[in-house]
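Engineer: Questions regarding the structure given below will be posed in turn.
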Amino acid sequence: MLVVEDNPELNRFIAETLADAHAVDVAMDGREGLEKVLESPPDLVVTDIMMPRMSGDELIAELRRRPHLATVPVLVLSAKADDELRVRLLGEGAQDYLVKPFSRAELLARAGNLIKLKRATDVLQAEVSQQQQDIEALAREVATRKRGLAASLAEAELARDEARRASEAKASFLRLVSHELRAPLQGITLQAELLKRKLGDRPELRGADRILIAGRHMTRLVDGLLEYVRAEAGRLEAQPELVDACDLVRDIAEELGPMAANQGLKLHVEAGSAPCWSDPRLLRLVVANLVDNAIKYTLDGSVQVQVQVTADDSELRFTVTDTGPGIPREHWERILQPFEQVGDLRHKHISGTGLGLALVKRALDVLGGRLEIDSTVGQGSRFTAVVPLEHERKEAERGAHPGG
Amino acid sequence: MARILVVEDDLLIRESMVALFEDEGHAVDSAVDGQDALDWLTGGGAPDLILLDLMMPRVDGWEFLARRGEFPQLAGVPVIVVSGGLTDTTVPIEGAALVLKKPVSIDDLLDAVAALI
């Protein structure tokens with residue numbers, strides 16, 4: 001604390017009294033007092049009023065003019081006759097006063113109280129300003145997070161729009177490619193058919209038949225390729241309905257019969273009646289590709305197609321067995337890959353894009369089914385497509401076919 | 001005997017269809033794209049049935065179907081869409097009585113026309 005008193009004896013008296021409990025500095029007038037306060041703000045200023053160079057009230061005014069000294073309490077030493085003055089000073093920035101003459105005890109008490117108050121104020125002040133800093137920091141953090149979120153949102157929206165555009169681009173590309181491949185096929189097959197109609201069944205017109213067979217083959221290739229691209233683009237979805245799996249297999253056998261006959265193969269179908277709830281497009285894809293493959297790879301003998309529903313009605317099983325060259329076990333994984341073909345021993349080119357089994361696998365994935373391969377080199381192969389059936393639907397269709 | 005309008009931008013397909021239906025004894029008009037077809041209708045053309053391609057320049061099949069209401073003579077006239085660009089022909093198209101996927105055989109074409117005339 002700082003004692004500002006021009007009377008040397010009084011100054012000493014006060015300083016010595018306070019020195020017991022506090023660190024005390026002294027000044028002989030207001031100016032010196034101000035200098036010392038500015039140099040090192042004390043916890044308390046004890047000041048006389050009447051002093052040379054700068055009076056006590058001038059000192060107080062100087063102190064209160066400086067915001068950083070706002071919490072430094074001032075204890076005024078006042079003469080009895082200074083009633084009005086000390087009351088005024090209380091209003092202008094002094095916290096307490098002592099009327100001369102005063103005792104050591106009173107001096108110590110009042111000084112002690114003011115110090116305690118100041119310390120408490122300082123602690124509170126520090127606390128508040130710390131909290132203010134914390135709040136500001138928090139506010140900045142929130143602002144940063146908000147900006148971060150806004151940026152992420154904008155990015156996510158961009159990504160979503162990109163994905164949508166890409167998906168639409170893929171879809172329109174598929175439409176375009178499909179159209180570009182099918183249009184010439186249409187022109188070719190129409191003309192060939194017109195030729196046949198106009199000129200009858202003359203042997204010279206076998207060419208027209210061949211054009212049509214090639215056209216149909218080409219159409220199947222295009223269909224397969226487009227289906228594969230669609231499957232890869234994630235556009236293949238199961239659309240189940242009531243379908244008789246056996247009728248479906250018989251249709252396929254009828255369609256591929258001529259192809260088998262052309263190669264001197266027998267095509268057997270073992271199927272009764274199997275109404276079930278599944279996607280006929282996907283089932284057709286699976287069975288047609290398996291039968292087509294079997295016929296392609298079998299040089300002589302037969303291809304057999306079996307349709308079974310398991311005893312507990314949980315699975316539909318299509319089994320295609322051929323008397324072809326067989327597939328070595330180490331190739332079983334490979335042949336399911338797109339564009340993979342295992343040529344036969346004489347390296348004869350097997351027509352097709354090599355996508356058939358990859359497509360079968362895709363379609364079975366969508367149906368929740370699986371493909372089982374069994375094959376012996378030199379004897380033949382058996383491919384079994386297993387498709388799980390939805391039980392609730394089965395109940396529904398069993399109701400529609402009593403005794404079925 | 002009916003008046004058939006073939007709307008198809010592919011030369012070979014268009015000529016084949018015209019030849020086919022003329023052989024069958026129908027009166028056939030043709031348009032090279034949707035715009036050509038609209039112009040023909042504006043000029044007073046009145047078909048009993050329309051064979052419509054979808055992917056064509058200037059005015060495509062979709063737009064043609066959307067604008068068929070502008071022509072009172074088209075009320076009740078069946079439109080058979082024959083398209084190469086559709087992946088799923090089981091999805092109905094507004095304004096079309098039937099959707100066929102290219103390449104379609106002559107038998108299927110004739111059956112479709114016979115069923116709708």
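FYI, it's all coordinate maths here, none of it is from the lab. Just so we're clear, the structure is a prediction, and the values are computed from it rather than from any experiment. Quick reminder, even Gly has a Cβ in these numbers, built from the backbone with ideal geometry, and neighbours come from all protein chains shown.
Engineer: For the stretch A:265-317, with the dipole built from +1 on Lys and Arg beta-carbon atoms and -1 on Asp and Glu ones, taken about the Cα centre, which of A:T310, A:L290, A:S273 lies farthest toward the positive end?
Structural biologist: A:L290
Engineer: Once amide H atoms are built 1.01 Å from N in the peptide plane, which residues 5 or more positions from A:E390, or in another chain, come under 5 Å H to H?
Structural biologist: Counting only residues 5 or more places away or on other chains, the set is A:W277.
Engineer: Contact order normalised by length for chain B, with contacts defined as Cα pairs under 8 Å and 6 or more residues apart; what percent is it?
Structural biologist: Once divided by the residue count of chain B, the mean separation gives 23 percent.
Engineer: Okay, next question. Sequence-distant or interchain residues sharing an amide H contact under 5 Å with A:S375, placed H: which?
Structural biologist: HN-HN under 5 Å from A:S375: A:R382.
Engineer: Once you put a point 7 Å from the Cα of A:A19 and another 7 Å from the Cα of A:E84, both along the Cβ direction, what distance in nm separates them?
Structural biologist: A separation of 3.9 nm, rounded to one decimal place.
Engineer: If you don't mind, there's one more thing I want to ask. Which length gain, in nm to one decimal place, applies between A:V177 and A:I373 when the Cα-Cα distance is subtracted from 0.36 nm times their residue separation?
Structural biologist: 67.2 nm is the gain from fully extending A:V177 to A:I373.
Engineer: What ³J(HN,Hα) values, in whole Hz, does the Karplus curve 6.51 cos²θ - 1.76 cosθ + 1.60 give for the stretch A:94-110 when θ = phi - 60°, with x put for Gly and Pro?
Structural biologist: Result, ordered by residue: 8, 9, 7, 8, 10, 8, 6, x, 9, 8, 4, 4, 5, 4, 4, 4, 5 Hz.
Engineer: Please sort A:16-23, A:217-224 by packing, taking for each peptide the average over its residues of neighbouring beta carbons within 10 angstrom, highest first.
Structural biologist: Going by the mean number of other Cβ atoms within 10 Å, highest first, we get A:217-224, A:16-23.
Engineer: I'd like the mean, over residues of B:13-25, of how many other protein chain beta carbons sit within 10 Å of each residue's own Cβ.
Structural biologist: Partner-chain Cβ atoms within 10 Å, mean over residues of B:13-25: 3.
Engineer: Please report the relative contact order for the stretch A:118-237, taking Cα pairs under 8 Å with a sequence separation of at least 6, and give it as a percent rounded to a whole number.
Structural biologist: About 24 percent, as a whole number.
Engineer: Next question, about the same structure. Please report the relative contact order for chain A, taking Cα pairs under 8 Å with a sequence separation of at least 6, and give it as a percent rounded to a whole number.
Structural biologist: That works out to 9 percent.
Engineer: Going by a ≥ b ≥ c, the root eigenvalues of the Cα gyration tensor, does the stretch B:1-102 fall in the rounded group (a/c under 1.5), the prolate group (a/b larger than b/c) or the oblate group?
Structural biologist: rounded
Engineer: With a Förster radius of 25 Å, plug the Cβ-Cβ distance of B:L12 and A:R250 into 1/(1 + (r/R0)^6) and report the FRET value to the nearest 0.05.
Structural biologist: 0.10
Engineer: Go ahead and set up a Gaussian network model of chain A, Cα springs under 10 Å, then flag whichever of A:A231, A:A260, A:A150 fluctuates most.
Structural biologist: Of the options given, A:A150 has the highest mean-square fluctuation.
Engineer: How many Cβ atoms of partner chains, on average, are near each residue of A:219-230 if near means within 10 Å of its Cβ?
Structural biologist: 1
Engineer: From the phi of every residue in the stretch A:163-177, what ³J(HN,Hα) in whole Hz does the Karplus formula 6.51 cos²θ - 1.76 cosθ + 1.60 yield, where θ is phi - 60° and glycine or proline is x?
Structural biologist: 4, 4, 4, 4, 5, 5, 4, 4, 4, 6, 5, 4, 4, 5, 4
Engineer: Moving on. First check a/c for the protein assembly as shown, with a ≥ b ≥ c the square roots of the eigenvalues of its C-alpha gyration tensor; if it is under 1.5, answer rounded, and if not, answer prolate when a/b is larger than b/c or oblate otherwise.
Structural biologist: Since a/c reaches 1.5 and a/b is larger than b/c, the shape of the protein assembly as shown is classed as prolate.
Engineer: Considering only DSSP beta bridges whose two residues both sit in the stretch A:158-312, what percent are antiparallel, to the nearest 5?
Structural biologist: The antiparallel fraction comes to roughly 40 percent.
Engineer: Rounded to the nearest 20 Debye, what is the dipole magnitude of the protein assembly as shown about its Cα centre when Lys and Arg each give +1 and Asp and Glu each give -1 at the C-beta?
Structural biologist: 820
Engineer: What is the spin-label model distance, in nm, from A:K146 to A:L108 if the labels are put 7 Å beyond Cα along the C-beta direction?
Structural biologist: Output for this residue pair reads 5.8 nm.
Engineer: Residue separation times 0.36 nm, minus the C-alpha to C-alpha distance between A:E92 and A:A166: what's the value?
Structural biologist: 19.0 nm
Engineer: Given the DSSP H assignment, sum -39500 (n - 2.57) over each helix run of at least 4 residues in chain B and divide by its residue total; what's the result at 222 nm in deg cm²/dmol, nearest 500?
Structural biologist: -9500 deg cm²/dmol
Engineer: Taking 7 Å along the Cα-to-C-beta vector as the label spot, tell me the A:E157-A:T71 distance in nanometres, rounded to one decimal.
Structural biologist: About 4.8 nm, to one decimal.
Engineer: B:I117 to B:D36: extension gain in nm, 0.36 nm per residue of separation minus the Cα-Cα distance?
Structural biologist: Answer, rounded to one decimal: 26.9 nm.
Engineer: Also, quick follow-up: Restricting to bridges with both residues inside chain A, how much of the DSSP beta-bridge set is antiparallel, in percent to the nearest 5?
Structural biologist: In chain A, DSSP labels about 55 percent of beta bridges as antiparallel.
Engineer: Now for a different question. Can you compute the charge dipole magnitude of the stretch A:9-104 about its Cα centre, using +1 on each Lys and Arg Cβ and -1 on each Asp and Glu Cβ, nothing else charged? Give it in debye, rounded to the nearest 20.
Structural biologist: Charge dipole, the stretch A:9-104, about its Cα centre: 140 debye, nearest 20.
Engineer: Would you mind checking which residues have amide H under 5 Å from A:Y97's amide H? H placed 1.01 Å from N; only 5 or more apart, or other chain.
Structural biologist: Those qualifying (amide H under 5 Å, at least 5 residues apart or on another chain) are A:V76.
Engineer: With θ taken as phi - 60° and the coefficients 6.51, -1.76 and 1.60, list the Karplus ³J(HN,Hα) couplings across the stretch A:77-82 in order, rounded to whole Hz; mark glycine and proline as x.
Structural biologist: After applying 6.51 cos²θ - 1.76 cosθ + 1.60, I find 9, 10, 7, 3, 7, 8 Hz.
Engineer: Calculate the FRET efficiency for A:Q239 and A:S273 from the Cβ-Cβ distance with a Förster distance of 22 Å, rounded to the nearest 0.05.
Structural biologist: Step by step, r from the Cβ atoms, then E = 0.50.
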